[in-house]
1. Whole-Å semi-axes of the stretch A:214-262's equivalent ellipsoid, largest first, each the root of 5 times a Cα gyration tensor eigenvalue?
2. What's the long-distance tail for chain A, i.e. % of Cα pairs beyond 35 Å?
3. Taking the alpha carbon gyration tensor of the stretch B:474-519, what are the square roots of 5 times its eigenvalues, largest first, to the nearest whole Å?
4. Run through every distinct alpha carbon pair of chain B and return the Kirkwood hydrodynamic radius in angstroms, one decimal place.
5. Other chains near B:377-384: what is the mean number of their Cβ atoms within 10 Å of each residue's Cβ?
6. Counting only Cα, what are the radius of gyration and maximum Cα-Cα distance Dmax of the stretch B:322-426, in Å?
7. Give the order of B:419, B:484 when sorted by the count of other beta carbons within 10 angstrom, beginning with the fewest.
8. With both partners inside chain B, how many of the DSSP beta bridges are antiparallel, as a percent to the nearest 5?
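What follows is calculated from the coordinates using simple rules that are stated; it is not laboratory data. Just so it is clear, the model here is predicted, and its values are computed rather than measured. Please note: Cβ atoms are built from the backbone with ideal geometry, for glycine as well, and neighbour counts cover all protein chains shown.
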């Protein structure tokens, strides 16, 4: 019973936080358009669209740009709360609809990359940490440093160069073969082929980060007294690693994973651009080229919400791992 | 399961023969211990005594093959029940660890896995050595062990996490783990050093009871001759990795042959109760009235904050040349009291008067001026000096802050450094070049160069080895007489309090339980809590034995 | 000085330092090595490495990749260092204020820092640069604005940690004035961790800048590595060299700075922290 209440309270706190972040970002978006050089209607219409008089008039009416700022802000926040993110100036469609179409692709990409990085990264980190000082560990350290220094977009391009241009194993871009007649399983496998390189290039940096962290964490945990206790109890190596070290070592990794979620989602914008992956990042890039402000601001808001959901997931994981967090006594 | 099943062997439970342990190359010495031999019989407690760096802990770890990587046994043998443990490996070694020999460590919190329930950690030991048991039977075994180590409500405790237990309870859990498979040998590495004095007494009694019940051999590592006097059958004294003396506890304590042993025993602070100095006349230098402080620890968003009362109406008066000891266990608020007097922690209410001026009403520059009369020496000699500041600067900073020209201040610093037993050249060196005891001398010089009226020593000798402790205490006593200092000596160690103080205040949970002249409080305590504290002093019976006399010696101790 | 000697013996840290110096030399000598503007068409488009006098080949428009890399080094380093400095100023100010003042101001500043850390920083950077038109100044300001939170948190944590340390309290008890305590005892002891993090911030700033210019949000008047990769990516089948080499330049530079930073961290890690751990 107490557990349920604690989780309820934690969720409540998260919802408060989510609403606060949404309101702050909505306010920031509002301020950004007003702070931009030029007339807000002009900014919203975008430079590439030119000054279509009718569009400008529409925008002024829609956003009430002749009203005082306070009224404009209140109206703006009111819309956001009702999930009205405005209309794309280029495609003339509600921003929310555009986002809804693109959301699954982005979620698929970021969640895959995140899970891959976390699982593979911590596994490698554990192995390196247990073999600290060996040749394999040194090789691992060098590799992770190199991965960590790699620009995401360039890593993506290099994967394309190797696996698509030279080896011709994987499709260079896209989101599934168009017009392919495939069963559900075939479709999934087909999508997987398209997902492989984007997920790998997005996840690589984080894989390196988590692996290095896990390695350091394992080395640190190995020196703790309770590991000595476990040895003094007569446990064998596997029992000690699995039963005592792993969970303790995971604590800092999960903390950092939560903090890195924002960067991971940001990286998706670049990766989607490289691989023509039809997600929110690609939508941002297209909107950027046309200076389609309502879309850019809407995507920024939604991506922030996604980051908070990632945070929530890692926070819950943290609570599961560490009983001290559950008791809230930290 | 019963002792009858074990064959009665004549071999000692533990035989350490010519043990030499090599340290990794490049360290400050080649061997942690050299040529150490001793034995433990059934139903016997052997204490391995030594100061830090004596290698005592290494021996304990070597017995269970738990030496840190890079450290190895370079010679000699360790036999348990006649079996050479150095030859054990793989499954045999694991069956031996936790089976034939159990071990407990100094820090009970870090010795338990923080993320695992206590019951599961005990059950794991049983399962490893005796195989799986039906759920109910395992639960009964675990709860039985928890009850045996004197824990109340074993059922509830088994489901708790280590962070939910007190220090003493955690150490009892560690003992339960070590006892789970009825070992023939228990190795205890400073098991009570991290605990309060009353808890220490309970844990030592528990170990002794279990030893008697089961006829175990116990190897107890300690730095405290008081503990030796209370529980040891035999003693092995180590110095710098070599055995300097071994024998029955009685013989070693009463007739130590080696000068080092004698010096260690002499250094044990004891209540040399002097007649109380006549209470000085006149107004007190420092008076504290009705000081109050409650710490509020905020917990989660919707949980009520936890309140800890650190000071619940504390009052005291201190006269020139007088030493007042403030004693109490952890959480009694003794350190907070010192910090509040220094205005490092802001009290919630009350008054602190130094020479008639209420420090609490002062702010900014006025407070800074007033602080000159009050100085403090902290517990940790490693944390209390800025690693980037030369020792001379650290001492001279004080007078300079009050306007003394640099040259004069440096000269004063050098004089004082010499007075506390260092050389004037020490002024040009950095803190990391000094040992713990030397650093504490520097801190004393730093405090006294300002010629304060009141010196607060907050556990100032607790982090030091006994022999160093005795020297620093002697220095403080000298300086106090010389400078007519009033001193507040905050300590958890009643022996030290009795040795240095004219008057004592006993604190418990932020309240003064008892107050009076040291001799009165120690010889005729009025309160049950004070009595409990006094009874728990390790070695009290021995060291205060009326017939206990020794020739005074002047040994050379580094 | 001990730290310097130790650093000279730190192999990977020294490797990083040597590489950084090499990039610095390249940046400094770019106008002499390649006096022509890197935007000039100087060779046959798609000339492979070694041909047409192009050491690293030519891109779609016949621009010299090697010249671009040399000139791009100036931009990368300039923006990397300038934005890290901007982040340092913001972060240390926010962190020191929060850590020293405590209470309500601390809580407010930390909420703000957390918020900045939660939002997708790169998307915010895109928005800011796109809104205020890309130029050296806006890019530096933007990267600084999204990179300061870790520095602020670190500074605050160090301030809080040190404020409770006995040697700082001892200085207060000795009668030193608050300002002197902060300047004489707190700040000097926070310098090393902040320095390490700041050096790593330079590396991440270079990565953010390269990603911005890859997306076409770089300063249009300055040749940069990210822009080179971005403009070459559609022709990767015809001229791999035009995207491989500039990316390699980013990789090596960032790697060098990270190695340097880690070496620094190993060397500056205070002895006391280890002894007490």
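1. Working: eigenvalues 126, 17, 10 Å².
Over the Cα atoms of the stretch A:214-262, the semi-axes work out to 25, 9, 7 Å.
2. Values: 20137 of 54285 pairs.
Tail of the P(r) past 35 Å holds 37 percent of the pairs.
3. Working: eigenvalues 94, 22, 18 Å².
So the equivalent ellipsoid measures 22, 11, 10 Å along its semi-axes.
4. Working: mean 1/r = 0.0387 Å⁻¹.
Hydrodynamic radius (Kirkwood, Cα only) of chain B equals 25.8 Å.
5. Details: counts 3, 6, 1, 4, 1, 6, 10, 6.
Other-chain Cβ atoms within 10 Å of each residue's Cβ, averaged: 5.
6. For the stretch B:322-426, the Cα-based Rg and Dmax read 16.2, 45 Å.
7. Numbers: B:419 17, B:484 11.
Taking fewest neighbouring Cβ atoms as first place, the list is B:484, B:419.
8. Values: 44 of 81 bridges.
Restricted to chain B, the bridges split so that about 55 percent are antiparallel.
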